[in-house]
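Peer 1: Structure provided below as structure tokens; questions to follow.
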Amino acid sequence: RVTRQARLWALRRPWRFSLYPALGAAALMYPVQLIVDDQGVFGAAFDALQGGVAVYLITAFLALTLRGRGERPSLPHGH
């Protein structure tokens, strides 16, 4: 039941839903960019922000695409 409610919330609010994975991706990318690429504080922040925006757009696109599928009533099994 909780999973269904979460799925319906995500389908109704695809842009807000997409914000969470984007923030998580940017937060995870920042230290990696900072340490591995040795770009400095601002360069790493810019790269992490770019990655977060990419994840945001991809997730929002997928949520909007699945939104149309989620709103259609489904037939009961066996019909």
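The values are calculated or read from the model by the stated rules, or taken from the named source; none is laboratory data. All values derive from a computational prediction rather than experimental measurement. With ligands, DNA and RNA removed, areas are computed over all heavy atoms of the protein, side chains included. Shrake-Rupley method; radii C 1.70, N 1.55, O 1.52, S 1.80 Å.
Peer 1: Rounded to the nearest whole Å², what accessible area per residue is found for region 1-68 with the 1.4 Å probe?
Peer 2: Result: 72 Å² of accessible area for each residue.
Peer 1: Given 0.36 nm per residue, what is the gain on full extension from TRP9 to ALA45 after removing their alpha carbon distance, in nm?
Peer 2: 9.9 nm
Peer 1: Quantify, in whole percent, the carbon and sulfur part of the accessible surface of region 6-70 (1.4 Å probe; protein heavy atoms only).
Peer 2: Here it works out to 72 percent.
Peer 1: Residue by residue through region 49-65, what is 3J(HN,Hα) from phi via Karplus (6.51 cos²θ - 1.76 cosθ + 1.60, θ = phi - 60°)? Round to whole Hz and write x for glycine and proline.
Peer 2: Listing the rounded values in order: 5, 4, x, x, 5, 4, 5, 4, 5, 5, 5, 5, 4, 5, 5, 5, 5 Hz.
Peer 1: Work out, step by step, the length gained on full extension between LEU64 and ASP38: first 0.36 nm times the residue separation, then minus their alpha carbon distance; give nm to one decimal.
Peer 2: Difference between extended and current length: 5.7 nm.
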